[in-house]
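Novice: First, the structure itself, so that you have it in front of you.
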Amino acid sequence: MEKKKIMSQEKPKIVCLPNGPYYLINSQEKKQVENLRNSEDEKYSNVIGIALCRCGASKNKPFCDGTHGVIGFKSERIEKSTDPKKRDYKGQKIIVHDNRAVCCHSKICVKTLSTVFDVNKRPWIDPDADNVEKLIEVVKKCPSGALSYTIEEKEYKDYDNKPMITVSKNGPYFVTGRIEIIGELFMDGVSKEHYALCRCGASKIKPFCDGMHAQIGFRDD
Ligand code: FES
């Protein structure tokens, strides 16, 4: 997926507005709103945020244009279970974990290390088929956090990425750097350091992406 980036100096927070957009707050500091005053001629101050589309229908993506109200977008999670669909693939030096429940089908793993990740083989992950360092590098690039790994009984699923929200081409928002998402339930055992947020409106595990954008042919043109 091609990417364009939304960058911030401070670590942002994300609020998922019910049946509405994501509200991205880049700074908790209240700022004066220059052109809004009360009857006493006093300026108002507020935390300023950016509304990002998550219904998939805005004509001004990635920003919200209010279309969620017109189409009756519902943000309720259909799949209530937070159980991970996790499988382990054991190699001699490393165990690769794959959580299908949150895979966003970015295909980074199969495109960059097809020796290890091959959907035409069973099992589809063979940790011994290539160099372990290369394998770790690819696992760390998995944007949804579906892939993680264990070496010497320690699981690695959180990394040192910068706080960033990346708008992927025809896919979800890739969130990195432990950006807090207010009041939302993560799947059990997944990384809160990096995850993928649905922006097509069709995921069953909202606000997280479950790969449905590929099935519905979501386009962000
Ligand atoms: S963007 Fe992936 S399911 Fe909606």
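The values are calculated or read from the model by the stated rules, or taken from the named source; none is laboratory data. Only a predicted model underlies this, so the values are computations on that prediction, with no experimental measurement involved. Quick reminder, even Gly has a Cβ in these numbers, built from the backbone with ideal geometry, and neighbours come from all protein chains shown.
To keep it simple, each residue is scored yes or no on (1) part of a strand (DSSP E or B); (2) at pLDDT 95 or above; (3) within 10 Å of the ligand (Cβ to nearest atom).
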| residue | (1), (2), (3) |
| --- | --- |
| 149 | yes, yes, no |
| 165 | yes, yes, no |
| 170 | no, yes, yes |
| 185 | no, no, no |
| 201 | no, yes, yes |
| 206 | no, yes, yes |
| 218 | no, yes, yes |
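Novice: To continue, here is another question. Every residue in segment 76-103 that is over 16 Å from residue 186 (Cβ atoms) and among the charged types (D, E, K, R), please.
Specialist: Keep residues of segment 76-103 that are over 16 Å from residue 186 (Cβ atoms), which gives 76, 78, 87-96, 98.
Hits for segment 76-103 are 76, 87, 88, 90, 93, 98.
Novice: Restricting to segment 73-122, name every residue that is free of Cβ contacts under 8 Å to residues at least 24 places away in the same chain and either among the β-branched types (Val, Ile, Thr) or within 24 Å of residue 22 (Cα to Cα) (or both).
Specialist: Residues satisfying the conditions are 80, 81, 110, 115, 116, 119.
Novice: Sticking with this one: Restricting to segment 188-199, count the residues that are more than 8 Å from the ligand (Cβ to nearest atom), within 14 Å of the chain's Cα centre (by Cα) and either within 21 Å of residue 55 (Cα to Cα) or not hydrophobic (A, V, I, L, M, F, W, C) (or both). Write out each step before concluding.
Specialist: Quick first cut of segment 188-199, residues more than 8 Å from the ligand (Cβ to nearest atom) only: 188-195.
Subset that is within 14 Å of the chain's Cα centre (by Cα): 190-195.
After this cut, where a residue has to be either within 21 Å of residue 55 (Cα to Cα) or not hydrophobic (A, V, I, L, M, F, W, C) (or both) as well, the list is 191-195.
Going through segment 188-199 one residue at a time, the tally reaches 5.
Novice: Can you confirm whether segment 73-87 contains a residue that is charged (D, E, K, R) and not in a loop (DSSP other than H, G, I, E, B)?
Specialist: yes
Novice: A further question on this structure: Of the numbered conditions (1) of a type outside the set (Lys, Arg); (2) closer than 30 Å to residue 57 by Cβ; (3) part of a loop (DSSP other than H, G, I, E, B), residue 123 fails exactly one; give the number of that condition.
Specialist: So residue 123 meets the others, but not (2).
Novice: Next question, about the same structure. Being under 11 Å from the mean Cα position of the chain (by Cα), surrounded by fewer than 20 Cβ atoms within 10 Å (Cβ to Cβ) and touching a residue at least 12 places away in the same chain (Cβ under 8 Å): is that true of residue 165 here?
Specialist: No, not satisfied.
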